[in-house]
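Report on the following structure.
What follows draws every value from the coordinates through simple rules; no lab data is involved. Keep in mind it's a predicted model, so treat the numbers as computed, not measured. With ideal geometry, Cβ positions are generated from the backbone for all residues, glycine too; neighbour counts draw on all protein chains shown.
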Amino acid sequence: MKLKTLTGLFFIYSLVSFSQTNSTQSISPENQNPKVQFFLTSLKNCDFQNLELSASNRLRAGRNMDSLINHALNSDFLRPLILDEEHLPKGVLFSKSEDEKIRTYTWAVPMKKGVYEFFGQVLINNKRVERLIDILNFDENDQLDQNHWPGGLIYHIELTKYRGKRHYLSLSFRPNKKNIQMKIIEPIIVGAKNIYFGASVFAISNFNDKYFEKPPKRLILRYSPKVSATIHSISKNKEIVIDNLGPMGSKIRGNYIDYGPTLSSQSIFFKRGRWVSN
């Protein structure tokens, strides 16, 4: 274990030194540069999804992935390699906004008892990098930031515009094999020093059998670990389509461990700077 740690530290040190001395050199995987190949191989070797490993070793691999991606995003030399998903390893979910101003890298490490440990990085304007720190407890009304992130796999970033201002909305999936799963619809706001998750842009009084006295900062679709549910975007219509869910066996409203699709859907639309229901 000590040898692996020393090897990882040597690798990061080598990349830093090499990046500093080769910042103007053209880089692509095809140029067979040994440092580039070493970096790409190291990404692939972070086997955080391998269920044959112990949970602690998977978590260690997830943290190594976090360090490697963070280093690459902060390196002018290595960053071009991961500006799209082509060279990212299996399990790292990549999304970018239509204007390419926001790129997200998220992954989930399977742990014990069906839960996951979530990791994420955000690249803003191809320069600024923010590492995301997952939290366990949050709801529809919490104002969160990169240090208090409702972790999940970000699979889409919707860009809309109103009065010359850009609005970003993320769709993410928070899986769980034994407890309530979530899909989250959430604004991303880029501030001068922080990235904020959540904003009161939903003109919606109820969602998924939850009722709101004030506009929620995010919408959370909660449902059973035994089923799947869908939230997807129709960008040309400024529309988010959401599966309607309800209790399956218990018939008890709000018992989300028993919620599943009802074979119908609803939509929300972006109008005048807010998301409204149909």
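Numerical summary
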quantity: Given (1) 150; (2) 172; (3) 275, the label whose value is volume of the Cα convex hull per residue in Å³ derived from this model; calculated: (1)
quantity: Crossing angle, helix 2-21 versus the chain [Cα axis fit, 0-90 degrees, rounded to tens]; calculated: 80
quantity: MRE, 222 nm, helices only [DSSP H, n ≥ 4, -39500 (n - 2.57), over the chain, to nearest 500]; calculated: -6000 deg cm²/dmol
quantity: The chain - share of DSSP beta bridges that are antiparallel (%, nearest 5); calculated: 95
quantity: Sorted by Cβ neighbour density within 10 Å, fewest at the top, the residues M248, M111, M65, M182; calculated: M111, M248, M182, M65
quantity: Simple label model, 7 Å out from Cα along Cβ direction - K165 to D76, nm; calculated: 3.4
quantity: Listed residues I184, I102, I135, most fluctuating in the chain (Gaussian network, C-alpha, under 10 Å); calculated: I135
quantity: Angle in degrees between helix 55-73 and the longest Cα principal axis of the chain, rounded to the nearest 10; calculated: 70
quantity: Charge sum, other residues only, whose C-beta stays under 12 Å from K90's C-beta, Lys/Arg counted +1 and Asp/Glu -1; calculated: -1
quantity: Neighbour-count order for E98, E86, E158, fewest beta carbons within 10 angstrom listed first; calculated: E86, E98, E158
quantity: Label-point gap, in nm, between K177 and D84 - each point 7 angstrom along Cα→Cβ; calculated: 3.4
quantity: Total charge dipole magnitude, the chain, about the Cα centre, Cβ charges on Lys, Arg, Asp, Glu only, Debye to nearest 20; calculated: 420
quantity: 0 to 90° range, to nearest 10: angle between helix 34-44 axis and the chain longest Cα axis; calculated: 30
